[in-house]
Amino acid sequence: MTTTPTALRHSVDLAAVYIVWQRELIRFLRTKTRIVTGLVQPILFLFVLGVGLTPLVGTAGNLDFTKFVFPGVVAMSVLTTAIFSAVSIVWDREFGFLREMLVAPVRRGAIITGKALGGTTVATIQGAIMLVFAPAVGLRITPRLVLEVLAASALMAFGLTGFGIFVASRVARMESFQMVMQFLLFPMLFLSGALFPLEGLPGWLAFLTRLNPVTYAVDPIRRVVLAGQGLAPEAFSRFGSGVSLFGRTLDIGWELAITFAFGATFLVASIRAFGRLE
């Protein structure tokens, strides 16, 4: 059986995707401090902000503020890890390794795809680690819930990794990348509904949350987690559930589709940007 040039090219590209993905995973697993420091901020938000504000916010049914904010904290862990996973591109550019990869006999799209999948995997793992703390705030975790959260987290990680790679394609130095990411990270986080309900907001703030693509990634994680807790109806009326757009509450499928479209758009833009990179 003769292998056609097209089939050979595809197999080489797939091998490149796997190697770059594996490199990102190995780099993550070998830096234990990165795993630990990636958990510090979410844990502080959960056990300091969540517990501290619970007496002020109050409870509705059997849902308190700490339980409400837990899915947002999981999303926060995915968000920060996915965004900063693209820092490896800037690092590789500074030390010349990126140029060596770009001159390899593989399509640049395969390299960028491998980077995106690697960042997606790393961010999903980081978010999964946060699920260990769910029983500490009184949330029930089932195997089905874990799988659904991981699936939603993976889509969120894909979207944000694609965005991070796109920014990295435009930035030449590590310091510049970190400044840009810090400038974008907190607005994306605080305008996503990760730390407060989306219902009853002032018009201008509701408008900004709907413009934020992270909003449509955070809400599916929250809805999956809270759906498995047997909450009373008054809990949902107090804290809200779902994202309303043009007077209609989007279902999870639409939210995940928006998240995937966001990631795919920036992934394609990143591939084109690196295709012009000399």
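Being at pLDDT 80 or above and not aromatic (Phe, Trp, Tyr) holds for only one residue in LEU208, LEU245, and it is LEU208. Residues that are in contact with a Phe, Trp or Tyr (Cβ under 8 Å, 6 or more places away or on another chain) and either closer than 15 Å to GLY72 by Cα or surrounded by fewer than 19 Cβ atoms within 10 Å (Cβ to Cβ) (or both) do not occur anywhere in segment 160-168.
Scanning for something touching a residue at least 24 places away in the same chain (Cβ under 8 Å), part of a helix (DSSP H, G or I) and out of contact with any helix residue (DSSP H, G or I) (no Cβ under 7 Å at 6 or more places or on another chain), does segment 145-163 turn up at least one residue?
In the first step, residues of segment 145-163 are kept if they are touching a residue at least 24 places away in the same chain (Cβ under 8 Å); the result is 145, 148-150, 152-163.
Narrowing the set further to residues that are part of a helix (DSSP H, G or I) leaves 145, 148-150, 152-163.
Narrowing further to those that are out of contact with any helix residue (DSSP H, G or I) (no Cβ under 7 Å at 6 or more places or on another chain): none.
Looking through segment 145-163, none of the residues is touching a residue at least 24 places away in the same chain (Cβ under 8 Å), part of a helix (DSSP H, G or I) and out of contact with any helix residue (DSSP H, G or I) (no Cβ under 7 Å at 6 or more places or on another chain).
Summed over segment 27-58, the residues that are closer than 20 Å to PRO71 by Cα, among the aliphatic types (A, V, I, L, M) and free of Cβ contacts under 8 Å to residues at least 40 places away in the same chain give a count of 8.
Taking the conditions exactly as written (surrounded by 15 or more Cβ atoms within 10 Å (Cβ to Cβ), at pLDDT 85 or above, touching a helix residue (DSSP H, G or I) at 6+ places or on another chain (Cβ under 9 Å) and part of a helix (DSSP H, G or I)), does VAL17 satisfy them or not? The answer is no for VAL17. Consider segment 185-200 and keep the residues that are closer than 24 Å to LEU250 by Cβ and without any contact (Cβ under 8 Å) to a residue 40 or more places away in the chain. The one that is surrounded by the most Cβ atoms within 10 Å (Cβ to Cβ) is PHE196.
Mind listing just one residue for me: the one in segment 170-191 that is modelled with pLDDT under 85 and not in a helix (DSSP H, G or I) and, of those, nearest to the chain's Cα centre (by Cα)? It would help to see each step written out before you state the result.
Here is the first cut: in segment 170-191, the ones modelled with pLDDT under 85 are 170-186.
Of the ones still in play, those that are also not in a helix (DSSP H, G or I) are 171-173.
Numbers: VAL171: 21, ALA172: 23, ARG173: 23 Å.
That would be VAL171.
Of all residue pairs spaced 6 or more apart or on separate chains, those with beta-carbon atoms under 7 Å, a first member in segment 76-87 that is more than 16 Å from THR31 (Cβ to Cβ) and a second member that is at pLDDT 85 or above and not in a helix (DSSP H, G or I) are LEU79/VAL214. Criterion first (under 29 Å from ASN62 (Cα atoms) and either among the acidic types (Asp, Glu) or under 21 Å from the mean Cα position of the chain (by Cα) (or both)) does GLY118 satisfy it? So GLY118 does not fit the description; no.
Working carefully through the options ALA134, ALA116, find the one that is more than 15 Å from VAL243 (Cβ to Cβ) and touching a Leu at 6+ places or on another chain (Cβ under 6 Å). Even if it seems obvious, please write down each step before you answer.
Numbers: ALA134 fails: touching a Leu at 6+ places or on another chain (Cβ under 6 Å).
None of the others qualify; the one that does is ALA116.
Within segment 124-143, being assigned to a helix (DSSP H, G or I), touching a helix residue (DSSP H, G or I) at 6+ places or on another chain (Cβ under 9 Å) and not hydrophobic (A, V, I, L, M, F, W, C) holds for THR124, GLN126, GLY127.
Annotation for segment 185-199: no member residue is touching a Phe, Trp or Tyr at 6+ places or on another chain (Cβ under 6 Å) and closer than 20 Å to GLY263 by Cβ.
Before we move on, is PHE207 surrounded by 17 or more Cβ atoms within 10 Å (Cβ to Cβ) and among the aromatic types (Phe, Trp, Tyr)? So PHE207 fails the test.
Which of the helices (runs of 4 or more DSSP H) found entirely inside segment 30-123 contain at least 2 residues meeting this: among the charged types (D, E, K, R) and modelled with pLDDT under 85? Before the answer, list the steps.
On the way: elements: 32-44, 51-57, 65-85, 87-94, 97-102.
Answer list for segment 30-123: 32-44, 87-94, 97-102.
Could you run through segment 9-56 and say how many residues are small (Gly, Ala, Ser) and closer than 30 Å to ALA110 by Cα? Final tally of qualifying residues: 4. Every test in (1) buried (at least 17 other Cβ atoms within 10 Å of the Cβ); (2) farther than 30 Å from LEU267 by Cβ; (3) at pLDDT 85 or above is passed by VAL149 save one, and that test is (2).
The values are calculated or read from the model by the stated rules, or taken from the named source; none is laboratory data. Just so it is clear, the structure is predicted and the values come from calculations on it, not from any experiment. Virtual Cβ from ideal backbone geometry, glycine too; neighbours counted across all protein chains shown.
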